[in-house]
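Trainee: Right, I'll just put the structure down here and ask away after.
The values are calculated or read from the model by the stated rules, or taken from the named source; none is laboratory data. Worth saying up front: this structure is predicted, and the values here are computed from it rather than measured. Virtual Cβ from ideal backbone geometry, glycine too; neighbours counted across all protein chains shown. Surface accessibility is based on the protein's heavy atoms, side chains included, excluding ligands, DNA and RNA. Shrake-Rupley method; radii C 1.70, N 1.55, O 1.52, S 1.80 Å.
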Amino acid sequence: MSDTPENISLIEQLRTVVGSSYILTDEVKKQPYCKGFRFGSGHALAVIRPATLLEIWQALEACVAADVAIIMQAANTGLTGGSTPDGKYYDRPIVIISTMRIDSIQLIDNAKQIVGLAGSTLFGLEDRLAPYGREPHSVIGSSCIGASIVGGICNNSGGALVQRGPAYTELSIYAQIDEQGKLSLVNNLGINLGESPEEVLTNLQQQNYTEQDVKHSEKRASDNEYHERVRDIDAKTPSRFNNDGRRLFESSGCAGKLAVFAVRLDTFPVPEKHQVFYIGTNDPAVLAKIRRDMLSSFKSLPVSGEYLHRDCYDVSKKYGKDTFIVIDKFGSKYIPKLFGLKRYVDRIASNFKFLPSKLSDHMMQYFSYLWPNQLPKRMDAYRDQYEHHWILEMSNQGVDEARAYLNDTFKEQSGDYFECTQEEGDKAILHRFVAGGAIGRYHAMKSKELGAVMTIDVAFPRNEKDWFETLPAEIDDLFAAKFYYGHLFCHVMHQNYIVKKGVDAKALKEKILASFDARGAEYPAEHNVGHEYFAKDALKGFYKQLDPTNAFNPGIGKTSKCKHWNES
Ligand SMILES: Cc1cc2nc3c(=O)[nH]c(=O)nc-3n(C[C@H](O)[C@H](O)[C@H](O)COP(=O)(O)OP(=O)(O)OC[C@H]3O[C@@H](n4cnc5c(N)ncnc54)[C@H](O)[C@@H]3O)c2cc1C
């Protein structure tokens, strides 16, 4: 299919737009862009890596004229296959537009807001804001491996921050394809940038505008109501989830059904005071009580509260050690380079049958054994004593509130806590964030003995008290391992199961999801539907309204992959 005259002509046009070095048509070279981080893969006619916003626009014009499907891709850290093609069965060729070369971040109003261009990253944003004493809207597990600002908005990504909620803005600039198949540019950034797409996109890229061109309106540049929702602990619904129509707006939650050039977002002051508390208990009801007490009665909301079960602690300690050490010693900036190197090693190794698949994982795992224990002694002592671990981060007046509350609570409740030193706090949080990748490594290392991995990203109702899963024995017996971690204040849990060899993981997942339905839970909570979960009506309707011809990211949320949403 790739060598039809139409496709050859399109490839030539795209080559003219981005230059020969930035169009990939070789299967092996396209692979990192065609395969998801954890889920999904498929075929693309070409991958292009534009250098400017204008090049994106020109590439879109060529793709629309050639009537191909388009997948917008940022760092490709999405976990549900939403940034890559899905299998073979599309009615048109697909072009992937990778935006990561366009990474500039512009500051507005003395860094109170930012404009992030399509490939700018969350860790780039942390660095950019630090001199101004400000912080990003969002901190997610993949911030440290290069996730983008725009990918987060398009996914309504969640993450750790209790006060700020899902990534959300009503201020963005994007291209849309209408019912008649016409491409147009919509500038809702609230910045006067000119008229024609060429003028607007070049002015934006070159930051050719003044503070007078920036309008300040009622439009939201973050989910500034989330703090009220999360505090409502008796509500029967989850505080946030991807199918929630509340936070779907143009680029926010669009999952690639538009082509987003840039988003404008609020930033937040770095707190003057900051403290991490490490909590351990063997009774999940104790954590439920603390969650309810803090959300309902504390004057100051926690910054974050990251939960980790003991089994997850162990897998993260052993199989996340290399990632932990690289980030701890060299910083997040090295992680994308490391992933690039990893892909290179695996690509070379795939040519030699006698080498194990995922050779890079095996090599990095063995190297990590040479390094001494990376975790603080007090955390390891809690690991031996307690099954449930909760890393509580407080700021400003919340520090004293938490100190007094925890001191009183653990006089009566089972379990204990300690106040982390700066080093302990940083390591505790990093240990939690490497858990997701560590589970993948564990599975890669033991793939001969184990069945499939099943991952579930679930949001429990705010009033749920039995948040920790207890499975009936006949289901529990089918698992070789279970790993639980999550954002406990928001009741967003990542439940990862590895089934025993021979077990039908798909059927089992259906059973577990049905049990979540019965509890009023929603899924996915924050990883977005991708090609793994169904989009419910609100989300499906939103996608259809954004993209009436179904030209962008077709099939997302298990919807039609065909032109005009044709179901056949
Ligand atoms: C280790 C790890 C930890 C994670 N932790 C979290 C977490 O704590 N919370 C959380 O919510 N998620 C988490 N994730 C999931 C993922 O990182 C987030 O969804 C992230 O926001 C995706 O960003 P990205 O830059 O990789 O986007 P991509 O994966 O490249 O894209 C995400 C979606 O946005 C669309 N998109 C990207 N760019 C554009 C554009 N310019 N225009 C239109 N659409 C576009 C894509 O088509 C896709 O649908 C984690 C992932 C990993 C691997």
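Trainee: Only residues that are out of contact with any helix residue (DSSP H, G or I) (no Cβ under 9 Å at 6 or more places or on another chain) and either modelled with pLDDT of 95 or more or near the ligand (Cβ under 9 Å from one of its atoms) (or both): list them for the range 34-60, please.
Mentor: If the condition is that a residue be out of contact with any helix residue (DSSP H, G or I) (no Cβ under 9 Å at 6 or more places or on another chain) and either modelled with pLDDT of 95 or more or near the ligand (Cβ under 9 Å from one of its atoms) (or both), then 36, 60 are the ones that fit.
Trainee: Report whether or not residue 265 is within 14 Å of the ligand (Cβ to nearest atom), in contact with a Phe, Trp or Tyr (Cβ under 6 Å, 6 or more places away or on another chain), touching a residue at least 24 places away in the same chain (Cβ under 8 Å) and not β-branched (Val, Ile, Thr).
Mentor: no
Trainee: Scan the range 335-343 and give yes if some residue there is touching a Pro at 6+ places or on another chain (Cβ under 6 Å) and either open to solvent by 20 Å² or more (accessible area, probe 1.4 Å) or closer than 28 Å to residue 481 by Cα (or both), otherwise no.
Mentor: yes
Trainee: Related question: Which residues, taken from the range 88-105, are out of contact with any Pro (no Cβ under 6 Å at 6 or more places or on another chain) and within 16 Å of the ligand (Cβ to nearest atom)?
Mentor: Selection gives 90, 95, 96, 97, 98, 99, 100, 101, 102, 103, 104, 105.
Trainee: May I ask you to say which residue of 511, 506, 544, 540 is outside any loop (DSSP other than H, G, I, E, B), out of contact with any strand residue (DSSP E or B) (no Cβ under 7 Å at 6 or more places or on another chain), among the charged types (D, E, K, R) and surrounded by 18 or more Cβ atoms within 10 Å (Cβ to Cβ)?
Mentor: After ruling out the rest, the residue left standing is 540.
Trainee: With the requirement that a residue be within 12 Å of the ligand (Cβ to nearest atom), of a type in the set (Gly, Ala, Ser) and open to solvent by 20 Å² or more (accessible area, probe 1.4 Å), what does the range 121-163 give you?
Mentor: Of everything in the range 121-163, those that are within 12 Å of the ligand (Cβ to nearest atom), of a type in the set (Gly, Ala, Ser) and open to solvent by 20 Å² or more (accessible area, probe 1.4 Å) turn out to be 124, 141, 142, 151.
Trainee: Quick check on residue 563: is it out of contact with any Cys (no Cβ under 8 Å at 6 or more places or on another chain), open to solvent by 10 Å² or more (accessible area, probe 1.4 Å), closer than 27 Å to residue 320 by Cβ and more than 16 Å from the ligand (Cβ to nearest atom)?
Mentor: no
Trainee: Wholly within the range 381-498, which helices (runs of 4 or more DSSP H) include no fewer than the required count, namely at least 3 residues that are of a type outside the set (Val, Ile, Thr) and open to solvent by less than 50 Å² (accessible area, probe 1.4 Å)?
Mentor: Fully inside the range 381-498 and qualifying: 397-412, 422-433, 435-445.
Trainee: Tell me, please, whether a residue that is in a loop (DSSP other than H, G, I, E, B), within 20 Å of the chain's Cα centre (by Cα) and crowded, with 22+ Cβ neighbours inside 10 Å can be found in the range 102-110.
Mentor: The answer is yes; a qualifying residue exists.
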